[in-house]
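The values are calculated or read from the model by the stated rules, or taken from the named source; none is laboratory data. For clarity, every value in this text was computed on a predicted model and none was experimentally measured. Counting neighbours? That spans all protein chains shown, and the Cβs are built from the backbone with ideal geometry, glycine included.
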Amino acid sequence: MGLLEGLLGALAGQARSDSPAGGGLGGLRDLLAGGGGRSRGGADLITMLLPIVLAMMQNRGAAGGGGMGGLGGLLQQFQQAGLGQQADSWVGTGANAPISPDAVVDVFGRDRVAQIAAQAGVSEAEASTGLAALLPEFVNQLTPAGQMPANNEVDDALGDLQRSLGI
């Protein structure tokens, strides 16, 4: 199954729900349903954030240069913020541990979240909420064998997804 099919399956609720506490796919389902009093529908929010997440995963440059350092750099940021166990669960073959919108702000910093929000045309709260729901499943889909893929495999999967979405 390709990255697009896996993400679409997760977003449609066809894959398993990993956490009864609102994490894993349950969080994505809630986001897509536009629940929780958010001002923007979840599908719209995911659509707005997806190109930014794609860029995060593709950018293997230094995180200090405005990028996230690719998939490995992104996971390293979670490790450094004390969220390594959660990030490891997204790569592993078991349940995906959830993260909170506040954890997203802790990892990326308020300025970077504000930049992401501005790029997506959403509020900072919407950006952090959307990323908290999207990142665990996105990383999970990029690491289906429970380990980090080679950079060219990530690039190929992300390129296929971008072409499929027309972005």
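Some observations on this one:
- Within segment 106-114, none of the residues are part of a loop (DSSP other than H, G, I, E, B) and under 14 Å from the mean Cα position of the chain (by Cα).
- Checked across segment 132-146, the condition of being among the small types (Gly, Ala, Ser), in contact with a helix residue (DSSP H, G or I) (Cβ under 7 Å, 6 or more places away or on another chain) and in a helix (DSSP H, G or I) holds for at least one residue.
- Among the residues of this structure, residue 85 does not count as one that is outside any helix (DSSP H, G or I) and under 17 Å from residue 73 (Cα atoms).
- Pick from segment 146-167, criterion polar (S, T, N, Q) and touching a residue at least 40 places away in the same chain (Cβ under 8 Å), ranking: farthest from residue 75 (Cα to Cα): 164
- Verdict on residue 137 being buried (at least 22 other Cβ atoms within 10 Å of the Cβ) and modelled with pLDDT of 90 or more: no
- Filtering segment 55-90 to residues that are at pLDDT below 85, within 20 Å of residue 111 (Cα to Cα) and surrounded by fewer than 19 Cβ atoms within 10 Å (Cβ to Cβ) leaves 55, 59, 61, 62, 63, 64, 65, 66, 67.
- Residue match in segment 94-101 (condition: part of a helix (DSSP H, G or I) and surrounded by fewer than 16 Cβ atoms within 10 Å (Cβ to Cβ)): no
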